[in-house]
1. Check whether at least one residue in region D:85-97 is among the polar types (S, T, N, Q), assigned to a helix (DSSP H, G or I) and farther than 16 Å from D:Ile23 by Cβ, and report yes or no.
2. Of all residues in region C:1-12 being in contact (Cβ under 8 Å) with a residue 24 or more places away in the chain and assigned to a loop (DSSP other than H, G, I, E, B), which is farthest from D:Ser106 (Cα to Cα)?
3. Does C:Leu82 satisfy the criteria of being part of a helix (DSSP H, G or I), without any contact (Cβ under 8 Å) to a residue 12 or more places away in the chain and within 9 Å of chain B (Cβ to nearest Cβ)?
4. For D:Tyr102, indicate whether it is on the phi > 0 side of the Ramachandran plot and within 14 Å of chain C (Cβ to nearest Cβ).
5. Of the conditions (1) within 9 Å of chain B (Cβ to nearest Cβ); (2) out of contact with any Phe, Trp or Tyr (no Cβ under 6 Å at 6 or more places or on another chain), C:Asp14 fails just one. Which one is it?
6. Which residues, counting only those in region C:117-153, are of a type in the set (D, E, K, R) and closer than 24 Å to C:Ala178 by Cα?
7. Among the candidates C:Thr169, C:Thr95, which residue alone is surrounded by fewer than 20 Cβ atoms within 10 Å (Cβ to Cβ), touching a helix residue (DSSP H, G or I) at 6+ places or on another chain (Cβ under 6 Å) and over 25 Å from C:Lys6 (Cβ atoms)?
8. Between C:Ser106, C:Ser145, C:Ser132, which is surrounded by fewer than 23 Cβ atoms within 10 Å (Cβ to Cβ), closer than 30 Å to C:Val45 by Cβ and over 18 Å from the mean Cα position of the chain (by Cα)?
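The values are calculated or read from the model by the stated rules, or taken from the named source; none is laboratory data. This is a predicted model, so every value here is computed, not measured. Please note: Cβ atoms are built from the backbone with ideal geometry, for glycine as well, and neighbour counts cover all protein chains shown.
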There are 4 protein chains.
Amino acid sequence: MSVMGKGRLEAFSDGVIAIIITIMVLEMKVPQGESVAVLRPLIPVFLSYVLSFLYVGIYWNNHHHMLHATTRVTGPILWANLHLLFWLSLFPFATGWMGQNYFGLSPTALYGFVLLMAGIAYFILQHAIIASQGPDSVLRKAIGSDWKGKLSPLLYLAGIFSSLFSSWTAQAIYVFVAVLWLIPDRRIEHALRQTPS
Amino acid sequence: MSVMGKGRLEAFSDGVIAIIITIMVLEMKVPQGESVAVLRPLIPVFLSYVLSFLYVGIYWNNHHHMLHATTRVTGPILWANLHLLFWLSLFPFATGWMGQNYFGLSPTALYGFVLLMAGIAYFILQHAIIASQGPDSVLRKAIGSDWKGKLSPLLYLAGIFSSLFSSWTAQAIYVFVAVLWLIPDRRIEHALRQTPS
Amino acid sequence: MSVMGKGRLEAFSDGVIAIIITIMVLEMKVPQGESVAVLRPLIPVFLSYVLSFLYVGIYWNNHHHMLHATTRVTGPILWANLHLLFWLSLFPFATGWMGQNYFGLSPTALYGFVLLMAGIAYFILQHAIIASQGPDSVLRKAIGSDWKGKLSPLLYLAGIFSSLFSSWTAQAIYVFVAVLWLIPDRRIEHALRQTPS
Amino acid sequence: MSVMGKGRLEAFSDGVIAIIITIMVLEMKVPQGESVAVLRPLIPVFLSYVLSFLYVGIYWNNHHHMLHATTRVTGPILWANLHLLFWLSLFPFATGWMGQNYFGLSPTALYGFVLLMAGIAYFILQHAIIASQGPDSVLRKAIGSDWKGKLSPLLYLAGIFSSLFSSWTAQAIYVFVAVLWLIPDRRIEHALRQTPS
């Protein structure tokens, strides 16, 4: 039995995610001077902001769908959710460090590490919800094989290791994973359509 | 069929817009010294803050009315909405750069570019909603000829080009577009009043 | 007829006010060094933060009660509300400048000016709501003579003028007004209790 | 009789807590340079961020459960809640100062002081709610002996005093209290399960 309304968990998560996605832009410091040239060092910062905006947007979107398929909020779900928010909260730092160092090796590896940990946290949250729903879990049916969720951590790991010699390979992998998730995922939508709401 | 409640899309958008409108003020750095004179360099920063506050307020207001005329949230609507929020999230940066450089040419052009992209993103979102509503779209009827929505991007373009030789002409155009939108727009309100809610 | 739900206006205002009250604390910069002595210059910053926290808390509280007595949201109410949020958004700046200059004369006057403008904006919003409610306005009955609302701007003005020669007199006045509002105001609560909800 | 919906108090508190938990990460400044070595000075900042994230998460969680057992919001509850939010809003400052000074003595003591004051504020809020509920208070039954709530302030005090000679002892105490609260607390959940909702 849950004593927490799903609504407040959604509202709090939305609040934190909305703040994360917005304060990331503060790492793009307003430059001194008014010539177009002063914007040039900001290009990598901007590009890493775009990538992180996409990732946080994808997390918000998936989080939303996942909670839609959730009926009750238990203690483990609540803490698994805070754990996910914790790793998401490190996006502004990891994004800023990577952007301000032109996608250097260590920052690129750290960025991949934060992506990896957020992916794992999402996986844990998903399984906490499934566990709470018992054998007839709507979410378990909805995610099916969950190949994206299982493949992504492996790709993040590949990104982290490749960042040791080529940060561009790592970037390409991170962008590839984002695109993978951007392609509409009709699984949960489909499963829910079957269910009378 | 949508699996996303309109409420959560509204709440998330409200959260992001509320944060954008509030962190813009952080670009107005607290000055060193306590004489009134130290406030003088902040006047352009303040004026650009006022202009951006108006623009973000207008976007929030229009976004609200548009979603009011929306019945279901589809994948394309969701991403078109995030796309709009992305360009709005660049307002603090563009505002800060313009204000700190006394409305210099390049910052004024960049500000116009962000206005333009936000306007285009709003247009795309509007059409994603209309497309989801089919031939009897309430929103399509509500926006009518949408002359403001079509004229604004042209005016932003005019602002960007005029900023190449006179940033004050560009500013005047940006202020003019804001005033255009501030004048109450009874179209959507009127169409909705006809509809039993 | 209003096309805006009161809920979304409340949610947006709550969001902005929550952000304002929280980012004010960012003006209290983490000091260099670990001795207790480095905290000393922060004492005025802390005190001005406490005062502003109280003011924003009072505004949030009163805003909440006022909207509770509001049934529909019109265009003028919406813009009067954004106007109030605009002046509230200047609290972090005014608070930071006053605190970092040990309650110097100009910063104290500016702080009073922001208080004054927020007070006037609140007054305008209140009257926009009353106007929308017509002759049987619940809010008009609820506020009664509104002596606090009418006295406060005069006291802020007194504070601004006294700050020209004694910033401590001005501070005392600002604190006095805050205390005045902190004393429970049973007017609206009372009027609402009469009304079946 | 209350004139404030519980929903808006929850929403505002969620907003403030979401912002606090997220802006704390801004104290972890993006370092200059791209070698792994530049991250080393950030380790204590990161650790203190983790601890504070846990504490704020615990407060959010407990606050949520407490309000769940609350039926009406009175003036004293509202102000006791703002008082709690005030002390929570000092977490980013206290966390940043402690982390940037490698858990030095004074910063560790100040951190404990903020923990203590937040604990006391929580206690006051709890009793304001119980007082408003009268002799049959659901919350009073739910919290039972409230041994955690009574023990925590004593442990914070012990932490503050021990920080005068060993900041590591103080840290151990702060971590211990957090762990104490992390252990699921079935009291309120249990009491609520008895009540038809």
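1. No: zero hits.
2. Taking the candidates together, the pick is C:Met1.
3. Here the answer is yes, as C:Leu82 does meet what is asked.
4. So D:Tyr102 fits the description; yes.
5. (2)
6. Listed by number, the residues that qualify are C:Arg140, C:Lys141, C:Asp146, C:Lys148, C:Lys150.
7. Answer to the selection: C:Thr169.
8. Being surrounded by fewer than 23 Cβ atoms within 10 Å (Cβ to Cβ), closer than 30 Å to C:Val45 by Cβ and over 18 Å from the mean Cα position of the chain (by Cα) holds for just one of C:Ser106, C:Ser145, C:Ser132, which is C:Ser106.
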